[in-house]
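Participant: Sending over a structure as structure tokens; questions will come in a sec.
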Amino acid sequence: MGNAVIILVADNASRLLPTIVSRCEVMKFHFVAKPQMEKLAKAKKIAGDEKRLEQMLNLSLGRPGRLIDFGTNEGQLDAWLAKLKEFESMTKASAGDRFAYIKRVTDDKGGEDVNELLELWQFYFHQKLLESLKPAVSETNLPSRSSTSGKPEFVFTKNLQKADPSQKIAASLEKITNLIMLLSRANVNERLALENLMLEI
């Protein structure tokens, strides 16, 4: 017994009894940066065209095991892409359709993993946030139009009362992150929590 090493794996150490944690050497594993993931893809000879490999790297979300799964299990990446597309359609769907979607993913105990699903939603809004922050050609740089009188005509190029899309996306990201934390720390009704979230994003 003196030569044995016991390894405990937990996704949230705060949910373990303090007496257990105090007797352990805690090692935290963080997500792997994209350059290292690219090296892993080369080392494991994960094949695919440039676009598909980029999709694998992005949807791996810094998890080497998931990247290897994408490279070795045929259809795994396509399944994730289908989930992503379905969620995108749900962000534009009615409340009834959203509730039906949540009912299906929570009732399918042998299928969806709620944590993975929330990570995928995070990824979706993260990508949308990056897109919304990309510098766009400003309409204020366009040549000013002139009225028939020959005088410059002032053109409203922005509706100041309209909410900033990036702020709305960031708020949705924050809500998803908070729900992930809540689910990891408390005994919460997953379906009810997801339904509430879907009404707010």
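Rule-based calculations on the coordinates, nothing more; no lab input. Not measured: the values here are computed from a predicted model. Here the Cβ is made from the backbone with ideal geometry for all residues, glycine too, and neighbour counts use every protein chain on show.
Participant: What pairs from LYS42/LYS83; LYS103/LYS175; LYS103/LYS128; LYS92/LYS134; LYS128/LYS168; LYS134/LYS168 go past 18 Å between their alpha carbons?
Facilitator: LYS42/LYS83; LYS103/LYS175; LYS103/LYS128; LYS92/LYS134
Participant: Among rounded, prolate and oblate, which fits the stretch 32-74 when a ≥ b ≥ c are the square roots of the eigenvalues of its C-alpha gyration tensor, a/c under 1.5 means rounded, and a/b larger than b/c means prolate?
Facilitator: On the way: a/c = 1.28, a/b = 1.22, b/c = 1.05.
Rounded.
Participant: Whole-Hz Karplus ³J(HN,Hα) for the stretch 71-83, in order, using 6.51 cos²θ - 1.76 cosθ + 1.60 and θ = phi - 60°, x for Gly and Pro?
Facilitator: Result, rounded to whole Hz: x, 9, 9, 5, x, 5, 5, 4, 5, 5, 5, 5, 4.
Participant: Given the peptides 29-40, 114-125, 166-177, arrange them by the average over their residues of other C-beta atoms within 10 Å, most packed first.
Facilitator: Values: 29-40: 12.5, 114-125: 18.1, 166-177: 16.0.
Top to bottom by mean Cβ count within 10 Å: 114-125, 166-177, 29-40.
Participant: In debye to the nearest 20, how big a dipole does the stretch 32-74 give about its Cα centre with +1 on each Lys and Arg Cβ and -1 on each Asp and Glu Cβ? Walk me through the intermediate numbers first.
Facilitator: On the way: 9 positive and 6 negative charges, 37 e Å.
Charge dipole, the stretch 32-74, about its Cα centre: 180 debye, nearest 20.
Participant: Along the positive direction of the dipole of the stretch 32-74 (beta-carbon charges: Lys, Arg +1; Asp, Glu -1; about the Cα centre), which of LEU57, ILE46, ALA33 reaches farthest?
Facilitator: ALA33
Participant: Give, rounded to the nearest 20 debye, the magnitude of the charge dipole that the stretch 61-101 has about its Cα centre when Lys and Arg contribute +1 at Cβ and Asp and Glu contribute -1 at Cβ. Each step should come with its number before you reach the end.
Facilitator: Numbers: 6 positive and 6 negative charges, 38 e Å.
For this selection, approximately 180 debye.
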